[in-house]
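Trainee: The structure under discussion is supplied below as structure tokens; questions concerning it will follow.
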Amino acid sequence: MASLTVLLLHLLLMLSSASAWYYSYYGGSLTFTPKGRYSDGTYKVELRNRQNTIYCNFNHYSCSSGDCGSQTETTSTYFYSNSMGFYYCQYDAVNKITLNRNLPFEIRYPTYVNPYYGQGIWASSPWVYWVMTAHVDLGTRSDTGESNRSPITTMLPVLRVTRNCPRSYNMAVFDPDGDKVRCRIPTNSSTNECGRCGLPAGFSFDQNSCSLKYINSNQHGTHPIELVVEDFPNKPITLSYSDGSYTIKHPLSVLRRKRALTTTTAAPTTTTEYPTTTTAAPTTTTAAPTTTTEYPTTTTAAPTTTTEYPTTTTEYPTTTTEYPTTTTEYPTTTTEYPTTTTNTQPQQQISNHNNKYPTTTTDYPTTTTAAPTTTTAAPTTTTDYPTTTTAAPTTTTAAPTTTTDYPTTTTTTTVAPTTVAPTTTQPYRTTIAPLSKLPLQFTVYVDYHYAPSCLDGDYFPVFSSPTPRNGVNLPAYVNRTLEIKVKSEAQYTTIYDLVVTGPMGISKRQISTDEYIINWTPTENELNDHFPICFVSEARDMYYQVFQSEPRCVIVDVGSDETTVTCNETTITVEVEKSYLIRHNEGKLHLNDFSNASCDLKTHSNTTHLVAVMSLNTCGTTVEEDENNIIFKNMITSGDPTKIISRQNDVEIVFSCAFPKRTNLTLGFKHKNPYIFTEKGFGAFTFQFEFFQSQRFRKQIESSTYPVEVYLKQMIFMQIEATTSIPNTELFVESCKATPYDNPNSRISYTIIENGCVRDNTVVIYNSSKSQFRFGMEAFEFIGAHEEVYITCSVLLCETGVRGSRCSQGCINSNSRNLRVKREAAAQSSRHTISQGPLHLAKISDSQASGPSLNMGLNIIFVVGCLLACGVVIYRSRRSKAKYQPLPTFETD
């Protein structure tokens, strides 16, 4: 009763505070996506912004630096979420922007603040303003030849913790360009990165792993979390702009090293930001070696240039401050749009309370005329850069003489400033150190109550199979529904809800007490884009107290499923459109067997499609049988063929051709019952080998569901249990290995445990009784056309406490002289081989949904097939369970 009273008081307090602050803020994020350059020379970019407030409200941005272009269309949607009585509204907006140039610019939120209604104010006590700043750079990258893209990340608006249990939250960050992504806590409000600036008490943050930790807080209620997400290239690259200027971006490790150098030497303090000033090395002999490694300048007039460099370094800061002065006019252009976007929202937000997804698309034909006004101001920024270069001629002129990074070739090292600017055909542009800078903000709510146990799985739910792991990339296809299955469990609480955040149009449905399916259907506009989806399982106890699981986030890569297979009597031809993941792994893609030069994928592929042409008996093609057909199958995979197993297979494209046959072949799988043995001294005893659903070992996989479907890198939980009527005995597992067939003597095998020693570095041994052995490991697949994995172990029983028995020796390293001890009749039993399986590697094609299934797969998998002389793609709901044999290497009639 006391707990119920506290809960009611809590809800009343929340309602009373919300009545005054309708629109106070819980968090938000922003990403940008370049949409290319059009025939009229303009650039298109989409800004995707998410804001979460108590009541639906959207605060617009203003242009704080550079030319932010003109909005042509805004699409918005919103819906209410409920975390056990904790209501908030998620508002998403996609702004389509047209730019005359691809120069960097910055935008800032919010445009208006009203403390009475909470607009522009964090939903926290004491209240603070919320500020978000995003740096957008669409420069053409020298490493990809395309516009720079922003990192992709998000987080649930509200995370809930109990006061007494430490929690850890790992942010899932992804960069389409493959850049290094760093998260950090903003600490300087003068840069407009933050409102609170700093972590609340009781929290810590690791920017290397991008993880937030809640330690302990004596203050319940909401705690704002402000993060800045930045990306850095893996090697020095050049960003080129449409006005002829350029800039250079360095890896994060190089920037850190250079910062370290600036703290030890006084002269090169500006070296890290302005490469050409590195020639300000002391007037030592020819200074060539030192300047060549950083920026290959040749300085001959050391005494003269030494006196000039200080004046050069003081000029660069003035370039940085030019951005605000040239962009003060832009907010007036940008602030016109909010009125168009939010005209109907206050009237809609109550009627759409029950998880409806209204979408409003608004065109801005009149605001386009404002673009010239904005554009005319931009050239003043461009002309500022040559002027700045003029102030430091010696550094600008020296760099181009010996390096290809600076296209101008000037042989003079004169100090005269007036001669430098005309020779610089591509002026260097000073920008921020990272490629992009994006905000990521959310709220952690510390509940009033305490958890009786902080162990995951007791009160806090834990995710179990088939939930995808955190940070994984899932492929999705235009106009095909993506399904993500999520399952969780807790011992002392009841699963109440699954809280989800994701792109526009996302939904969820409950299929059992503890299992949900997240659905999302990408549209043509989302093709080749990447979208984060985050979710958290929420449970409650008998007092209606809330306990949340760890949050998990996945990145959805939207591609096209255009795959064509053509079969005839002698050859198979497959054409696959190059999606993001295919392009990302293109250098290591191959067929099953690529020893033959004709099997090289580069032979027939082009810039848009991956093309493979092979004979029916080459390139590792295998043959399978089903009830009606003989099926010739091959695959395009990124798996390393030199390794036996793989846990990081990013691409797998399975294709096949089916030919009718007259005979039938039906094969199936059967769960193995306990093994029964009888030995002198031990009587009758059994070994039972089972797979379990989680590390709690409470629910074993039902025998009717075999083969057990698993996903790459998913943890598999196994238990071997001995049952005997003889007291004081113990079980010992001496070895375990995996094979692709139900044959422990298979020539293909992978060692998991050997001589009592763990050999696979993902194996975890769990506590158990003397008659049990519990362990887990990450799932893998055998390289090649092997879809099943069997686990086989060698086990024995020992009399407890007997010195010298095999059980007492434990792990025996391979370099030991005595690997096998002589068995004492009454001390230990014989070694027995037991196995269980198969584990079937679940592929994206294994869903019952129409089209290729996409839920929780770690691989892209197209299962396509054709009948003779047919080029139609066939998507199967499940793989064939038929065995296969390699094709003979000779032709047959």
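Trainee: Sort all Cα-Cα distances of segment 47-121 into consecutive 5 angstrom bins from zero, then give the percent of pairs in each bin up to the one containing the longest distance.
Mentor: 3, 14, 20, 22, 17, 12, 7, 4, 2, 0
Trainee: Of the listed pairs LYS713/LYS770; LYS437/LYS602; LYS235/LYS633; LYS485/LYS770; LYS180/LYS713, which have alpha-carbon separations greater than 31 Å here?
Mentor: On the way: LYS713/LYS770 29 Å; LYS437/LYS602 38 Å; LYS235/LYS633 40 Å; LYS485/LYS770 36 Å; LYS180/LYS713 23 Å.
Cα-Cα > 31 Å for LYS437/LYS602; LYS235/LYS633; LYS485/LYS770; rest within.
Trainee: By accessible area of protein heavy atoms, probe 1.4 Å, what ranking do HIS449, HIS609 get, highest first? Working shown, then result.
Mentor: Values: HIS449 25, HIS609 50 Å².
The residues order as HIS609, HIS449, largest area first.
Trainee: Right, something else. If I stretch the segment between LYS699 and ASN528 completely, what's the gain in nm (0.36 nm per residue apart, minus their alpha carbon distance), one decimal?
Mentor: On the way: separation 171, 0.36 × 171 = 61.56 nm, distance 4.04 nm.
The LYS699-ASN528 span can extend by a further 57.5 nm.
Trainee: If you don't mind, another one. Work out how much length ASN728 to THR144 would gain on full extension: take 0.36 nm times their residue separation and subtract the Cα-Cα distance, in nm to one decimal.
Mentor: Working: separation 584, 0.36 × 584 = 210.24 nm, distance 6.68 nm.
Working it through step by step, the gained length comes to 203.6 nm.
Trainee: Write down, largest first, the equivalent ellipsoid semi-axes of segment 690-806 in whole Å, where each equals the square root of 5 times an eigenvalue of the alpha-carbon gyration tensor. Present the calculation step by step, with values, prior to reporting the outcome.
Mentor: Numbers: eigenvalues 133, 59, 34 Å².
After diagonalising the Cα gyration tensor, the semi-axes are 26, 17, 13 Å.
Trainee: Sticking with this structure for a sec: Could you tell me the calculated FRET efficiency between SER560 and SER189, based on Cβ-Cβ distance and R0 = 51 angstrom, to the nearest 0.05?
Mentor: Details: r = 45 Å, r/R0 = 0.88.
Calculated value: 0.70.
Trainee: Tell me, what % of the accessible area of segment 58-212 is carbon and sulfur with a 1.4 angstrom probe? Display every interim value, and only then the final one.
Mentor: Numbers: 2090 of 4660 Å².
On segment 58-212, the fraction of accessible area on carbon and sulfur atoms equals 45 percent.
Trainee: LYS588 accessible area, nearest 10 Å², 1.4 Å probe?
Mentor: Rounded to the nearest 10, that gives 100 Å².
Trainee: Still on this structure: What distance in nm lies between label points placed 7 Å from Cα along the C-beta direction at MET542 and MET715?
Mentor: Between MET542 and MET715, the simple spin-label model gives 2.9 nm.
Trainee: Let me ask you something else. Treating segment 183-261 as a set of equal point scatterers at the Cα positions, no solvent, please give the Debye-formula log₁₀ I(q)/I(0) at q = 0.26 Å⁻¹.
Mentor: Log-scaled intensity ratios, in q order: -1.21.
Trainee: Working with all protein chains in place, sort TYR450, TYR26 by solvent-accessible area computed with a 1.4 Å probe, largest first. Kindly include the intermediate steps, with their values, before the conclusion.
Mentor: Numbers: TYR450 130, TYR26 15 Å².
Descending accessible area places them as TYR450, TYR26.
Trainee: So, one more: Can you work out the accessible area per residue across segment 475-521, with the rest of the protein chains kept in place, probe 1.4 Å, in square angstrom? Write down the numbers at each step before the final one.
Mentor: On the way: 1800 Å² over 47 residues.
Value for segment 475-521: 38 Å² per residue.
Trainee: A further question follows. Using a 1.4 angstrom probe on heavy atoms only, work out the carbon and sulfur share of the accessible area of segment 530-602 in %.
Mentor: Details: 1320 of 2890 Å².
Roughly 46 percent, rounded to a whole number.
Trainee: Taking K and R as +1 and D and E as -1, what net charge do the other residues with C-beta under 13 Å from the C-beta of ARG774 add up to?
Mentor: Values: positive: ARG696, ARG698, LYS770; negative: GLU690, GLU721.
The answer is +1.
Trainee: On to the next question. With every protein chain kept in place and ligands, DNA and RNA left out, what is the accessible area per residue of segment 530-638? Probe 1.4 Å, answer in Å².
Mentor: Numbers: 4200 Å² over 109 residues.
Heavy-atom accessible area per residue stands at 39 Å².
Trainee: Run through segment 472-508 and list the chymotrypsin sites (Phe, Trp or Tyr not before Pro) located in a DSSP loop whose Cβ has at most 15 other Cβ atoms within 10 Å.
Mentor: Those that pass, being in a loop and sparsely packed, are TYR492.
Trainee: Also, quick follow-up: How big is the shadow of the Cα convex hull of segment 454-556, averaged over all directions, in nm²? Walk me through the numbers before you get to the answer.
Mentor: Working: hull surface 25.8 nm².
Directional mean of the projected Cα hull area for segment 454-556 stands at 6.5 nm².
Trainee: Pop a pseudo-label 7 angstrom from the Cα along the beta-carbon direction at both SER595 and VAL128 and give the gap in nm to one decimal.
Mentor: 6.4
Trainee: I would also like to ask the following. How many angstrom lie between the C-alpha centres of segment 466-520 and segment 113-166?
Mentor: Between the Cα centres of segment 466-520 and segment 113-166 lies a distance of 24 Å.
Trainee: Would you list the P(r) distribution for segment 478-634, with all Cα-Cα distances sorted into 10 Å bins from 0 and each bin expressed as a whole %?
Mentor: Per 10 Å bin, starting at zero, the Cα-Cα P(r) for segment 478-634 comes out as 9, 26, 21, 21, 15, 6, 1 percent.
Trainee: Carbon and sulfur atoms: what percent of the 1.4 Å accessible area of segment 715-755 do they account for?
Mentor: Answer for segment 715-755: carbon and sulfur cover 42 percent of the accessible area.
Trainee: Turning to a different aspect of this structure: Leaving out ligands and nucleic acids, and using a 1.4 Å probe, what accessible area per residue does segment 38-124 come to in Å²?
Mentor: Result: 26 Å² per residue.
Trainee: With a sphere of radius 13 Å drawn around the Cβ of HIS449, what net charge do the other residues whose Cβ falls strictly inside it have (Lys, Arg +1; Asp, Glu -1)? All intermediate terms of the calculation are to be shown ahead of the outcome.
Mentor: Values: positive: ARG160, ARG163, ARG540; negative: ASP447, ASP541.
Cβ neighbours under 13 Å give a net charge of +1.
Trainee: Report the full-extension gain for the segment SER771 to LEU455: residue separation times 0.36 nm, less the Cα-Cα distance, to one decimal in nm. Each step should come with its number before you reach the end.
Mentor: Numbers: separation 316, 0.36 × 316 = 113.76 nm, distance 2.53 nm.
Contour length minus the Cα-Cα distance gives 111.2 nm.
The values are calculated or read from the model by the stated rules, or taken from the named source; none is laboratory data. For clarity, every value in this text was computed on a predicted model and none was experimentally measured. Glycine also receives a Cβ, built like all others from the backbone with ideal geometry; neighbour counts cover every protein chain displayed. SASA here: full protein model, heavy atoms, side chains in, ligands and nucleic acids out. Shrake-Rupley method; radii C 1.70, N 1.55, O 1.52, S 1.80 Å.
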